[in-house]
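The values are calculated or read from the model by the stated rules, or taken from the named source; none is laboratory data. These figures come from a predicted structure and were not determined experimentally. Quick reminder, even Gly has a Cβ in these numbers, built from the backbone with ideal geometry, and neighbours come from all protein chains shown.
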Amino acid sequence: MFTGIIETVGDVVEILARGETTRLTLDAPAIAAGVRVGDSVSVNGACLTLVAAEAGRLCFEAVRETLERTALGELRVGSRVNLERALRADARLDGHIVQGHVDEAGRVRELRRRGEDVQLFVACSSDFADCLVPKGSVAIEGVSLTVVGVGDDGFDVALIPHTLAVTTLASLRGGERVNLEADVLGKYVKRYLERVLPRQA
């Protein structure tokens, strides 16, 4: 489990395809000393297992399904990624509950800048949009954010200067795919209502 509070931004230094598995090597000295093989790390919002760590570099393996269902398959050498280690049981929950299970990959519609006010507009499926509410939580590329508005096929969030400075969100461009995860509470409520309401009709 994660919080969506990004600890550091890492750099992709190697992508090696091995049959059904792709090995991702990231340069992430800021957190490398605090992780061990087998630990879970959120990489742009996708929970991956650390398989090797040496000299400030972290290695993960992603199966084909992970690459197809998330935006990780579009990473290239030189790409920057948001990283967060799993939440400790005795830690403060500063963001919201993020599982690292990407619901879908949405697409950036616009990163609108008006002085220090920055809004990010994202296109998503109607099923995903149904899990969102204004002032609720959403994770984009692993970053915990507050929903501003929701439509039938998209939503928007406001980005503060600190978030832009310490994550990869400032570099997003229109058309880019981004990993999305809805608040787990919203998903459970949606599932419950889908099962109960037809019985009452």
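In table form, for the structure just shown:
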{"read-out": "Residue within segment 28-41 that is touching a residue at least 40 places away in the same chain (Cβ under 8 Å), within 18 Å of residue 15 (Cβ to Cβ) and either exposed (fewer than 14 other Cβ atoms within 10 Å of the Cβ) or over 19 Å from the mean Cα position of the chain (by Cα) (or both) present", "value": "no"}
{"read-out": "Selection count where residues are crowded, with 16+ Cβ neighbours inside 10 Å, of a type outside the set (Lys, Arg), in contact (Cβ under 8 Å) with a residue 40 or more places away in the chain and outside any helix (DSSP H, G or I), scope segment 49-73", "value": "4"}
{"read-out": "Residue match in segment 159-166 (condition: surrounded by 14 or more Cβ atoms within 10 Å (Cβ to Cβ) and under 24 Å from residue 39 (Cα atoms))", "value": "yes"}
{"read-out": "Matching residues, segment 148-169, being in a helix (DSSP H, G or I) and aliphatic (A, V, I, L, M)", "value": "164, 165, 166, 169"}
{"read-out": "Those residues of segment 88-140 which are aromatic (Phe, Trp, Tyr) and assigned to a strand (DSSP E or B), in sequence order", "value": "121"}
{"read-out": "Segment 84-98 residues that are under 12 Å from residue 5 (Cβ atoms), paired with ones that are modelled with pLDDT under 85 (beta carbon under 8 Å, 6 or more apart)", "value": "87/93"}
{"read-out": "Unmet requirement for residue 188, which otherwise passes all of (1) under 19 Å from residue 101 (Cα atoms); (2) surrounded by 20 or more Cβ atoms within 10 Å (Cβ to Cβ)", "value": "(2)"}
{"read-out": "Residue check, residue 55 at pLDDT below 95 and in the same structural domain as residue 15 (by TED's automatic domain parsing)", "value": "yes"}
{"read-out": "Single residue of segment 101-124 satisfying the filter (basic (Lys, Arg) and modelled with pLDDT under 95) that is surrounded by the most Cβ atoms within 10 Å (Cβ to Cβ)", "value": "113"}
{"read-out": "Whichever residue in segment 1-22 is within 20 Å of the chain's Cα centre (by Cα) and outside any strand (DSSP E or B) and, among such residues, is surrounded by the most Cβ atoms within 10 Å (Cβ to Cβ)", "value": "4"}
